[in-house]
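First comes the structure, then the notes that go with it.
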Amino acid sequence: MVSGLKLLQDNDFLLVIVTNQSGIAKGFYTEKDLEILHNWMLNELEQKGVNISKIYYCPHHPNAVVKKYKKICGCRKPETGLYWQAISELKQEYDIDLEHSIAIGDKERDLSICNETPIKGYLINSNFHSSKFICVSDFKNAIEHILKEK
Ligand SMILES: [Zn+2]
């Protein structure tokens, strides 16, 4: 996983993570807990030479037990709010090119941004067949495919 991320980075990809964290809405952990975990993760990766630009997360859920997170939001995947936020933030700093950008996920909902942009989707599920996405067996396989296409 780390070496794959490093390869992407070495091939001029910026790395962002977009994640649903309904555990916050369900009261399993807090935003503070998640931030501590994320910081630890980013630090671990940084020490291995991988720089994640930012982690975007949705803390909401329509059936949340923690009231302030109970809503139907625009950021919980398959909604694409967090992707658009990432795109707009990255655009302020970098000359990013959606035609050559990719999304990788293990669920169809991770790739919804591909329906709204030219971003190419890689679904890590070799049992899945789709004309919209490139289905691969694992992350390593996805990386190999991406770099071959480049
Ligand atoms: Zn949300």
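This table checks each residue for (1) open to solvent by 70 Å² or more (accessible area, probe 1.4 Å); (2) within 20 Å of S101 (Cα to Cα); (3) without any contact (Cβ under 8 Å) to a residue 24 or more places away in the chain.
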position: L7; (1), (2), (3): yes, yes, no
position: D33; (1), (2), (3): yes, no, yes
position: L37; (1), (2), (3): yes, no, yes
position: N43; (1), (2), (3): yes, no, yes
position: C73; (1), (2), (3): no, no, yes
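Screening the candidates N63, N125, N51 for the property of being over 16 Å from L8 (Cα atoms), more than 16 Å from the ligand (Cβ to nearest atom) and of a type outside the set (D, E) yields one hit, N125.
The values are calculated or read from the model by the stated rules, or taken from the named source; none is laboratory data. Bear in mind the structure is a predicted one, so any value in this text is a computation, not a measurement. Glycine also receives a Cβ, built like all others from the backbone with ideal geometry; neighbour counts cover every protein chain displayed. Note: accessible area is taken over every heavy atom of the protein model, side chains too, but ligands, DNA and RNA are not part of it. Shrake-Rupley method; radii C 1.70, N 1.55, O 1.52, S 1.80 Å.
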